Amino acid sequence: MSRVPFYLRERLDEIRQRVLYETYEAQKLPKWEQVVLTWIALFSFWVVISGNTEIENLFIGGIATLMISLFMYEMLTEDIRQSGHIVEKILYIGLFVIPQYLFIMAFRLIESNFKVAKHAILMDVNPGIIKIKTDLHSDTGITILANSITLTPGTLTLDVDKKLGETYLYVHWINVETLNREKAGEKIKGDIEAWLKKIFW
């Protein structure tokens, strides 16, 4: 049997993988924006944790977090989409996106707690593992989505499968309402994925 079809398939997969990589690389933020965003996040964390707003503490915290940001900027900002001015990103993320995410998660936690309590009382559970697709490709976006699903009572992300631009999550669902992958994904992911796609590719 000829190996030509297998060779061609491997070559096509390599080309597709290279195109995807170049597309993702083109969406990354410039280095200086990554450093600034990382510094703001770390400095805000410093102020909140220390609880001290004296000038000396702010100065030491600013210098320390800046030094860390220069070396570790890719850990927090590598997967953020490149769009708009940096000031727009800071205001958009700080004043709109984070409060929106907290509101969405709070609502989903309350709703899921009631559902799990109802299933526990009535004993009408139908557990199963569902494979759902996500449009997110970045590691940070997928990680936040998987953890958000796990934080919600009744669902638990078990595994992530990434293949050539397609990402699937294996989720344990306490009460499988549908076997249709798209409908199950809509019920499990809710608005969380749409929110994450505004920031991460």
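The values are calculated or read from the model by the stated rules, or taken from the named source; none is laboratory data. Since the structure is predicted, the reported quantities are computational estimates derived from the model, not experimental observations. Counting neighbours? That spans all protein chains shown, and the Cβs are built from the backbone with ideal geometry, glycine included. These area figures cover heavy atoms from the full protein model, side chains too; ligands, DNA and RNA do not enter into them. Shrake-Rupley method; radii C 1.70, N 1.55, O 1.52, S 1.80 Å.
Some points to look at:
- Checked against (1) free of Cβ contacts under 8 Å to residues at least 12 places away in the same chain; (2) surrounded by 12 or more Cβ atoms within 10 Å (Cβ to Cβ), residue 123 passes all but condition (2).
- In the stretch 187-198, of all residues being touching a helix residue (DSSP H, G or I) at 6+ places or on another chain (Cβ under 9 Å) and either small (Gly, Ala, Ser) or part of a helix (DSSP H, G or I) (or both), the one that is farthest from residue 157 (Cα to Cα) corresponds to 195.
- Reported count of residues in the stretch 141-176, each being in contact with a helix residue (DSSP H, G or I) (Cβ under 8 Å, 6 or more places away or on another chain) and among the hydroxyl-bearing types (Ser, Thr, Tyr), is 5.
- Residue count for the stretch 154-186, restricted to those that are open to solvent by 40 Å² or more (accessible area, probe 1.4 Å) and outside any strand (DSSP E or B): 9
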